[in-house]
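Enquirer: Mind looking over this structure? Questions follow.
Derivation of every value follows stated rules applied to the coordinates shown; laboratory data play no part. Predicted, not measured: the structure shown is a model, and the values here were computed from it. Cβ sites come from the backbone with ideal geometry, for glycine too, and all protein chains shown count toward neighbours.
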Amino acid sequence: MSDYFIEFAGQKYPTDVQGFLKNRLSWSADLGRHMASLDHVVLTDEHWEIIHYFREYYEDYNIPPPMRMVMRVFKKAFGEENANSRYLLQLFPEGATKAASKFGGLPKPKNCK
């Protein structure tokens with residue numbers, strides 16, 4: 001077993017040192033909420049819209065979506081005024097790509113520290 005793990009609902013989920021799941025197939029929405037709470041984030045509908053988009057994109061392409069694609073989806077879902085990087089940073093202070101991947105049970109993106 002991994003040296004790092006998250007305990008949730010009586011189970012241990014192996015992670016890397018930053019808390020990204022080692023096995024993305026073990027993810028559930030409840031586990032994602034718990035992972036976010038460990039980082040002091042309460043997930044809202046806006047967070048989930050982005051997280052679900054990241055998961056769908058990852059399933060299709062095996063990489064997180066480019067930020068321009070995220071912004072396009074975000075603009076459709078939440079309007080022009082919220083489709084900007086400042087609003088995303090309010091939702092995900094660590095960065096949208098990193099946090100949405102982490103809370104969505106996806107591997108750590110290659111370009112994130």
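Enquirer: Counting only pairs 8 or more places apart or on different chains, how many lysine pairs in the chain have C-alpha atoms closer than 18 Å?
Expert: Lysine pairs, 8 or more places apart or on different chains, close enough: 12.
Enquirer: Neighbour counts of other C-beta atoms within 10 Å: give me ARG72, ARG55 arranged from fewest to most. Before the final figure, lay out the partial values.
Expert: Working: ARG72 13, ARG55 19.
Neighbour counts put them in this order, fewest first: ARG72, ARG55.
Enquirer: Which order do LYS102, LYS12 fall in if you start with the one that has the fewest other Cβ atoms within 10 Å?
Expert: LYS12, LYS102
Enquirer: Can you tell which of TYR87, CYS112, SER37 lies farthest toward the positive end of the dipole of the chain, using +1 and -1 charges on the Cβ of basic and acidic side chains (Lys, Arg; Asp, Glu)?
Expert: Result: CYS112.
Enquirer: Tell me the net charge near ARG55. Cut-off is 13 Å between Cβ atoms, ARG55 excluded, with +1 for each Lys or Arg and -1 for each Asp or Glu. Walk me through the intermediate numbers first.
Expert: On the way: positive: ARG24, LYS102; negative: GLU49, GLU56, GLU59, ASP60.
Net charge in that neighbourhood comes out at -2.
Enquirer: Nothing charged except the Cβ atoms of Lys and Arg (+1) and of Asp and Glu (-1): what's the magnitude of the dipole of the chain about its Cα centre? Round to the nearest 20 debye. All intermediate terms of the calculation are to be shown ahead of the outcome.
Expert: Working: 15 positive and 14 negative charges, 77 e Å.
Its charge dipole is roughly 360 debye.
Enquirer: Which of these values of Cα extents along the principal axes in Å was calculated from the structure shown: (1) 58, 46, 29; (2) 38, 29, 28; (3) 45, 27, 23?
Expert: This structure yields the entry labelled (3).
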